[in-house]
Amino acid sequence: YPSHPSLRSMAYSHSAQLLRSQAKRLQENLDIQDRKYHFTTYRSCFVGSAAVPIIIVLKFAQSETEAIAFGNKLIDEKIIAHIAGERFENKQFFYKFLVDLKDVTNLETLNKATTSASQAAAPPPSQPVNESVEPDNIPRFYRSNSQFQFEKPDEYETGSHLPYVKTVQIGSELLRNAAFNKGLAFTFQERREYNLHGLLPPIYRDLRVQSKQLMANIDRMKDPLDQYVLLMNILATNEKLFYHTLCNNLARLMPIVYTPTVGLACQKFGDIFIRPRGLYITIKDKGRIYQMLKNYPTNDVRAICFTDGERILGLGDLGAQGMAIPIGKLALYTGCGGVRPDQLLPVTIDVGCNNVAVRNSE
């Protein structure tokens, strides 16, 4: 703590608040998931193998020993009200663990307030500080100011004010999340724990059985476009079933997901549009692309497939309707290469369309 008396008293008064802010920062960076920590202890979330390196990265400690001591201090100070040695007994206690620190002041805000108070309480320097002045002949890059504010505003004091927060999805929200929905493959225990009891028919069918039924429905359809629409419906509602079916029937489904059917899908993309997927960037979005990238819900993107829609399989310029190409190609990245679908991003750069028929269509 600082040696100045007023600063020392201020630091002591903020010590409990500082520990809670540090615990919140640690909990946010742990990215805790119920499956990952369901069979471990509360204690390991602060001193376990996953927590220790995060503590060091956040500079709360410099060594593994200090990191363990820091985690134990958080536990001893009862930063989380129900930290104990027992295991997570059920999901209710685990969810409470996740939201215990939601109203705690962010560490950045607390540090900023402490720094401001320190500067106000510190005595003025005896000699003026010589500030370096940059010469005027240094070349600079000038650009017009964007109308969007990309930095986090100072008034965001707690996690509840942030525009993007981590949430635990249960019930109907879980069924509407295509990345985690399993349909009838949810076990009866999972249906009770995730508040799905009664929202699904009282029967269990694993992905293998659901995939077999999906392939039977595809085989009954004669029109390739209808088969494509069915698969895209499944992709928009149940990604696990889609990729399970694609990986196990790759030779059969590749001509539907990609060429030659994808060419027809691009021509009819506006008519069969179901749910937005990927990122659309137009010529009018200059200066806003960074904000648009921040709007995409996935942060860990490893591969991006671009198209400008101007040369789709010899069909000419189809504009934004060419999005079916990167969607289908990235689906094959998962089916053939095993790349996680949440790490793939299809992007359409729409700089205009020279096809009069497409521009005049409804």
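The values are calculated or read from the model by the stated rules, or taken from the named source; none is laboratory data. Predicted model only: the values in this text are computed from it and were never measured. Virtual Cβ from ideal backbone geometry, glycine too; neighbours counted across all protein chains shown. These accessible areas exclude ligands, DNA and RNA; they are computed on the full protein's heavy atoms, side chains included. Shrake-Rupley method; radii C 1.70, N 1.55, O 1.52, S 1.80 Å.
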Determine whether Leu345 is hydrophobic (A, V, I, L, M, F, W, C), within 16 Å of Ala179 (Cα to Cα), in contact (Cβ under 8 Å) with a residue 12 or more places away in the chain and open to solvent by less than 20 Å² (accessible area, probe 1.4 Å).
yes
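Per-residue answers, yes or no, for (1) within 17 Å of Glu239 (Cβ to Cβ); (2) hydroxyl-bearing (Ser, Thr, Tyr); (3) open to solvent by 70 Å² or more (accessible area, probe 1.4 Å); (4) at pLDDT 90 or above:
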{"position": "Thr261", "(1), (2), (3), (4)": "no, yes, no, yes"}
{"position": "Ile274", "(1), (2), (3), (4)": "yes, no, yes, no"}
{"position": "Gln291", "(1), (2), (3), (4)": "no, no, no, no"}
{"position": "Gly316", "(1), (2), (3), (4)": "no, no, no, no"}
{"position": "Leu330", "(1), (2), (3), (4)": "yes, no, no, yes"}
Pairs under 7 Å by beta carbon, first residue at positive phi in the stretch 239-257, partner surrounded by fewer than 20 Cβ atoms within 10 Å (Cβ to Cβ) and among the acidic types (Asp, Glu), six or more apart or different chains?
none
Could you list, in sequence order, the residues of the stretch 301-314 that are within 15 Å of Leu330 (Cα to Cα), open to solvent by less than 70 Å² (accessible area, probe 1.4 Å) and not small (Gly, Ala, Ser)?
Val301, Cys305, Thr307
Listed residues Arg311, Arg302, Arg340; which is in contact with a strand residue (DSSP E or B) (Cβ under 9 Å, 6 or more places away or on another chain) and either at negative phi or touching a residue at least 40 places away in the same chain (Cβ under 8 Å) (or both)?
Arg302
State whether the residues of the stretch 226-238 include one that is more than 28 Å from Arg176 (Cβ to Cβ), modelled with pLDDT of 90 or more and charged (D, E, K, R).
no
Taking the condition closer than 24 Å to Gln343 by Cβ, open to solvent by less than 40 Å² (accessible area, probe 1.4 Å), among the small types (Gly, Ala, Ser) and in contact with a helix residue (DSSP H, G or I) (Cβ under 6 Å, 6 or more places away or on another chain), does Ala265 pass?
yes
Restricting to the stretch 171-211, name every residue that is under 17 Å from Tyr243 (Cβ atoms), surrounded by fewer than 15 Cβ atoms within 10 Å (Cβ to Cβ) and not hydrophobic (A, V, I, L, M, F, W, C).
Asn177, Asp206, Arg208
Test Ile256 against the criterion of being touching a helix residue (DSSP H, G or I) at 6+ places or on another chain (Cβ under 9 Å), within 29 Å of Asp350 (Cβ to Cβ) and open to solvent by 60 Å² or more (accessible area, probe 1.4 Å), and give yes or no.
no
Got at least one residue in the stretch 199-219 being free of Cβ contacts under 8 Å to residues at least 40 places away in the same chain, among the acidic types (Asp, Glu) and on the phi < 0 side of the Ramachandran plot?
yes
Within the stretch 222-246, tally of residues that are in contact with a helix residue (DSSP H, G or I) (Cβ under 7 Å, 6 or more places away or on another chain) and either open to solvent by less than 20 Å² (accessible area, probe 1.4 Å) or of a type in the set (Ser, Thr, Tyr) (or both)
10
